[in-house]
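The values are calculated or read from the model by the stated rules, or taken from the named source; none is laboratory data. Not measured: the values here are computed from a predicted model. No Cβ is skipped: glycine too gets one built from the backbone with ideal geometry, and neighbour counts run over all protein chains shown. Ligands, DNA and RNA are excluded from the accessible area calculation, which covers all protein heavy atoms including side chains. Shrake-Rupley method; radii C 1.70, N 1.55, O 1.52, S 1.80 Å.
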Amino acid sequence: MRTRVARLGPANRFIAMGIAIVLVFTGLTVRLWDLQVVSGGHYRDLAEQNRVLRLPVEAERGTIVDRNGKVLARTCPASP
């Protein structure tokens, strides 16, 4: 015995697809409104705190030696 499955006709498929598209865009619009209007101040504060802080870091220098311990290069202060 075969069971009958209800199939949508072409007109009903377009209606179902239209409803799905409207629901997706409604969800996206609601999320965008939430991010911009409701949580906008919070994200603005986070962006203001997100700055690059440059700190000078002195490089550690030392002598460069080969595998036998022979000095290949030494640290010498450069004159400006």
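If you go through the stretch 41-77 and keep only what is in a helix (DSSP H, G or I) and open to solvent by less than 100 Å² (accessible area, probe 1.4 Å), you end up with Gly41, Asp45, Leu46, Ala47.
Take Arg31 and decide whether it is exposed (fewer than 10 other Cβ atoms within 10 Å of the Cβ) and either part of a helix (DSSP H, G or I) or modelled with pLDDT under 90 (or both). So Arg31 fails the test.
Regarding Asp66, is this residue in contact with a Leu (Cβ under 7 Å, 6 or more places away or on another chain) and at pLDDT 90 or above? Considered against the rule, which asks whether it is in contact with a Leu (Cβ under 7 Å, 6 or more places away or on another chain) and at pLDDT 90 or above, Asp66 comes out as yes. Considering the stretch 1-21, and only residues there that are aliphatic (A, V, I, L, M) and in a helix (DSSP H, G or I), the residue that is surrounded by the fewest Cβ atoms within 10 Å (Cβ to Cβ) turns out to be Ala11.
Of all residues in the stretch 46-63, those that are over 18 Å from the mean Cα position of the chain (by Cα) and either touching a residue at least 12 places away in the same chain (Cβ under 8 Å) or more than 30 Å from Ala78 (Cα to Cα) (or both) total 3. Being surrounded by fewer than 10 Cβ atoms within 10 Å (Cβ to Cβ) and modelled with pLDDT of 90 or more holds for only one residue in Val24, Val38, and it is Val38.
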